[in-house]
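A.B. asks: Here's a structure for you.
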Amino acid sequence: MGMNIVLPSLPTLEQVFETDYATAQLTLTLYLAAVSVGQLIYGPVSDRFGRRPVVLFGLTVFLLGGVICLFAPTIEIMIAGRVIQAMGGCAGLVIGRAMVRDLFDADTAAAMIAYLTMGIVVAPTLAPLIGGVLEDWFSWQASFVFVIAAGAVFLVASIGWAHETLPEEKRHRTNFSGMLRSFMHLLTNPEFNAYAFQVAFNTSAYFAFLGGAPYVLVNLMGGTAGELGLYLVVISVFYIGGNYMTARIAQRLGIFRMVCIGNSISLVGPVVMLVLELTVGLDKVAFFGLMSLIALGNGFTIASGMAGAVGADPERVGAAAGLAGSLQIGMGALSTFIAGLLLAQYGDTALPLIFVLLFGLAFGFLCLILGKLVADRTRALS
C-alpha cells in the first residue's frame with residue numbers, strides 16, 4: 001500500500017515541490033531500491049533472531065518513514081522519508097514468505113504463497129484508487145495519513161497475533177560475512193537462480209508498467225488519475241485470479257509447469273501490444289486489457305517461482321527469501337528507472353514501455369529454462 005498509494009499523486013508532487021517528473025518518480029524508484037536492499041538484511045537476521053521481532057521492528061520503521069513523508073518540506077526530504085518507509089515495510093514481504101516456508105513443504109508452500117499473495121495484492125490494488133480519491137477530496141498528504149493509520153493498526157495486530165514460526169533450535173548465528181557467504185552459496189545454486197531470476201524479470205515488467213503507465217495514460221492517451229486507479233484495480237483482479245488458480249492447482253501440476261504456463265500467458269501481452277502500436281495504434285482499453293493478461297500470467301509465475309527459490313536450500317530459507325525478494329524488487333526498481341528514462345527521451349509513443357515489458361518477460365522465461373536445465377544436469381552428474 002505504501003508503495004502504490006502515491007502513484008496518482010506523482011504529477012501533483014512534481015508541481016508542489018517544483019521539480020520534474022523524473023525526480024518525482026524517484027519516490028517510487030528509490031522506494032523499490034530500498035525494499036531491495038532491506039530484504040537482504042532482514043532475511044538472514046530473521047534466521048538468527050526469529051521472524052516475529054523482525055516484523056515488529058519493520059512496521060515501526062515504516063510508521064516513522066510515513067510521518068517524515070507527511071511533513072516533508074522539500075522533494076529531497078520526501079524521497080528520504082520514502083526510503084525509510086520502504087526499509088521498514090519490506091520486512092513483511094520477506095518474512096511473510098519465510099514464515100510460510102517454515103510451515104510447509106515446497107509444493108504446498110507454492111499454494112500457500114499464492115493465497116498469501118492474494119491477500120497482499122488487495123492493499124496495492126486498492127491503494128492507487130484510494131490515493132486518487134483522497135487527493136481529489138483533500139490533498140496529497142491525505143494518502144500518507146491513511147497509510148500511517150493503517151500501519152499502526154497492523155502493528156497492533158501483529159503484536160497480538162503474529163506468532164513465531166522459527167523455533168530456537170532451528171536458528172543459527174549470522175554476521176555480515178556469514179550473510180555474504182549465504183548469498184554467494186545461493187547464487188551458485190542453479191535451482192535458486194532459475195526461479196529467483198525468473199521472478200525478478202517477470203516482476204520487472206509489472207513495475208516498469210507502474211512507473212510508465214501514468215505517463216502513457218495521462219500524457220499520451222488523455223486519461224486521468226482516477227482512470228488510472230480504476231484500471232489498476234482491474235489489472236490486480238486478474239493478478240489475484242492467477243494466484244487463486246495457482247493455489248488450486250500448484251500441488252497437482254508442480255512449480256515448474258505452473259511457471260511455464262504463466263510465462264507463456266504473460267508473453268502474449270507485450271507481443272500483441274507491439275503489433276497494435278506499430279499498426280493501428282494502442283488505445284487505453286487495449287493497453288490495460290493486455291496488461292491484465294500479463295498480470296494473469298504473473299499470478300502463476302511469481303508465487304510459484306518464489307516458492308521454488310525459497311525452497312531451493314532448506315538450510316537458508318530466510319536468506320533465500322531475502323535474496324530472492326531483493327532481486328525481485330531491485331529488478332523492479334531498475335525497470336521503472338529505465339522505463340521512465342526512455343519515456344522521457346522518446347515520449348511521443350508507448351513503444352519504450354512495451355519493449356521493457358517484452359524484454360523482462362522474455363528474459364525471465366529464458367532464465368527459468370536455462371537454470372532448470374543446469375540444475376537437472378547437476379543432479380544427474382551427482
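The values are calculated or read from the model by the stated rules, or taken from the named source; none is laboratory data. Fair warning: this is a prediction, and the values are worked out from it, not measured in the lab. We place every Cβ from the backbone using ideal geometry, glycine too, and count neighbours over all the protein chains shown. Areas reflect the complete protein model, heavy atoms only, side chains present, ligands, DNA and RNA absent. Shrake-Rupley method; radii C 1.70, N 1.55, O 1.52, S 1.80 Å.
A.B. asks: Does I249 satisfy the criteria of being surrounded by fewer than 22 Cβ atoms within 10 Å (Cβ to Cβ), modelled with pLDDT under 85, under 16 Å from the mean Cα position of the chain (by Cα) and assigned to a helix (DSSP H, G or I)?
C.D. replies: Answer is no for this residue.
A.B. asks: When the range 65-82 is examined, which residues are found to be of a type in the set (A, V, I, L, M) and farther than 21 Å from A150 by Cα?
C.D. replies: Passing the criteria: I75, I77.
A.B. asks: Still on this model: Tally time: how many residues in the range 219-246 are over 19 Å from the mean Cα position of the chain (by Cα) and in a helix (DSSP H, G or I)?
C.D. replies: Of the residues in that region, 7 qualify.
A.B. asks: If you don't mind, there's one more thing I want to ask. Quick check on this structure: which one of L282, L293 is open to solvent by 10 Å² or more (accessible area, probe 1.4 Å) and touching a Gly at 6+ places or on another chain (Cβ under 9 Å)?
C.D. replies: Going through L282, L293 in turn, just one is open to solvent by 10 Å² or more (accessible area, probe 1.4 Å) and touching a Gly at 6+ places or on another chain (Cβ under 9 Å): L293.
A.B. asks: Among the residues in the range 191-211, are any touching a Lys or Arg at 6+ places or on another chain (Cβ under 7 Å) and outside any loop (DSSP other than H, G, I, E, B)?
C.D. replies: Yes - at least one qualifying residue is present in the range 191-211.
A.B. asks: Considering only the range 44-85, state which residues are farther than 24 Å from L210 by Cβ and surrounded by 18 or more Cβ atoms within 10 Å (Cβ to Cβ).
C.D. replies: Once the filter is applied, which keeps residues that are farther than 24 Å from L210 by Cβ and surrounded by 18 or more Cβ atoms within 10 Å (Cβ to Cβ), the range 44-85 yields P44, V45, S46, D47, G50, R51, R52, V54, V55.
A.B. asks: With the checklist (1) surrounded by 16 or more Cβ atoms within 10 Å (Cβ to Cβ); (2) within 18 Å of L357 (Cβ to Cβ) in hand, flag the one item E227 doesn't pass.
C.D. replies: (2)
A.B. asks: Quick one: is A127 modelled with pLDDT under 80 and under 19 Å from the mean Cα position of the chain (by Cα)?
C.D. replies: no
A.B. asks: Only one of (1) aliphatic (A, V, I, L, M); (2) modelled with pLDDT of 80 or more; (3) under 21 Å from the mean Cα position of the chain (by Cα) fails for A321. Which number is that?
C.D. replies: Going through (1) aliphatic (A, V, I, L, M); (2) modelled with pLDDT of 80 or more; (3) under 21 Å from the mean Cα position of the chain (by Cα) one by one, A321 breaks only (2).
A.B. asks: If you scan the range 279-306, which residues turn out to be over 24 Å from A247 (Cβ atoms), in a helix (DSSP H, G or I) and in contact (Cβ under 8 Å) with a residue 40 or more places away in the chain?
C.D. replies: K284, F287, F288
A.B. asks: Still on this structure: Please state which one of F207, F104 is under 22 Å from the mean Cα position of the chain (by Cα) and either of a type in the set (A, V, I, L, M) or at pLDDT 80 or above (or both). First the steps, then the outcome.
C.D. replies: On the way: F104 fails: under 22 Å from the mean Cα position of the chain (by Cα).
Going through F207, F104 in turn, just one is under 22 Å from the mean Cα position of the chain (by Cα) and either of a type in the set (A, V, I, L, M) or at pLDDT 80 or above (or both): F207.
A.B. asks: Being open to solvent by 40 Å² or more (accessible area, probe 1.4 Å) and touching a residue at least 60 places away in the same chain (Cβ under 8 Å) is the filter; apply it to the range 136-147 and report the residue that is nearest to N243 (Cα to Cα).
C.D. replies: Here the answer is F146.
A.B. asks: When you check A22 against the structure, is it free of Cβ contacts under 8 Å to residues at least 40 places away in the same chain, open to solvent by 10 Å² or more (accessible area, probe 1.4 Å) and small (G, A, S), yes or no? Outline the logic, then answer.
C.D. replies: Details: free of Cβ contacts under 8 Å to residues at least 40 places away in the same chain: no; open to solvent by 10 Å² or more (accessible area, probe 1.4 Å): yes; small (G, A, S): yes.
When the stated conditions are applied, A22 does not pass them.
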